[in-house]
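The values are calculated or read from the model by the stated rules, or taken from the named source; none is laboratory data. All values derive from a computational prediction rather than experimental measurement. Quick reminder, even Gly has a Cβ in these numbers, built from the backbone with ideal geometry, and neighbours come from all protein chains shown.
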Amino acid sequence: MATVNKNLSDYNKNEVPDAKDFRFGIVVAEWNENITEGLFNGAYQALIENQVPVQHIIRWNVPGSFELIYGAKKMLQTQNVDAVIVIGCVIQGETKHFDFVCEGVTQGIKDLNVQTDIPVIFCVLTDNTMQQSIDRSGGIHGNKGTEAAIAAIKMAYIRHQAT
Ligand code: DLZ
């Protein structure tokens, strides 16, 4: 059961604010779909378990992690959301492409957080192997999508409190 904080000074990292009135966007990259679907399921379930109504969750797909920047930007511009979660998975290959995609998406999402008033939560795995990603998308190391959803609820709460 979510615990409701009364104001920002009461903020406690172990408490999840009441999320039933918040709206969330989730942008999901199709590259490494087996991983990003696991991350999405973790995030979606965590939102539902924290009383977010199904109709308050909007999902959009984009081709790859690099497109998460544009997808999140358009989501912020066109949808009534309190936070956006971007979900992707970049796995190290033989070329430098990994570095450029990781750098690009990280900086792009950082820029959105600086430039706009709606928090964008970064749920992009940047792993050396597919196994590492499997382990973090519902495997032995948990689900980073779940953690991203809790972060999104906390940031939506902070946005509304700190006005
Ligand atoms: C091209 C590419 C490669 C090689 N690897 C990945 C990856 O591991 N994860 C991912 O999400 N996307 C990858 N992409 C696609 C890029 O993110 C992007 O979709 C293309 O460069 C087109 O802009």
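Before moving on, here are some points about what is shown:
- The residue list Tyr70, Tyr157 contains one member that is out of contact with any Gly (no Cβ under 7 Å at 6 or more places or on another chain), under 17 Å from Ala19 (Cβ atoms) and among the hydroxyl-bearing types (Ser, Thr, Tyr), which is Tyr157.
- Pairs where the first residue, in the stretch 20-47, is part of a helix (DSSP H, G or I) and the second is among the hydroxyl-bearing types (Ser, Thr, Tyr), C-beta under 6 Å, 6+ apart: Ile35/Ser133; Ile35/Ser137; Gly38/Ser137; Leu39/Ser137; Gly42/Thr146; Ala46/Thr146
- Thr36 vs. criteria within 16 Å of the ligand (Cβ to nearest atom) and at pLDDT below 95: no
- Elements of type helices (runs of 4 or more DSSP H) in the stretch 97-163, at least 3 residues being buried (at least 19 other Cβ atoms within 10 Å of the Cβ): 97-115, 144-161
- Checking each residue in the stretch 87-96 for being surrounded by 16 or more Cβ atoms within 10 Å (Cβ to Cβ) and either of a type outside the set (Val, Ile, Thr) or assigned to a helix (DSSP H, G or I) (or both) picks out Gly88, Cys89.
- Out of Ile134, Ile91, one residue alone is in contact with a strand residue (DSSP E or B) (Cβ under 8 Å, 6 or more places away or on another chain), within 16 Å of the ligand (Cβ to nearest atom) and β-branched (Val, Ile, Thr). It is Ile91.
- Of the residues making up the stretch 50-68, those that are within 10 Å of the ligand (Cβ to nearest atom) and either in contact (Cβ under 8 Å) with a residue 60 or more places away in the chain or among the aliphatic types (A, V, I, L, M) (or both) are Val62, Leu68.
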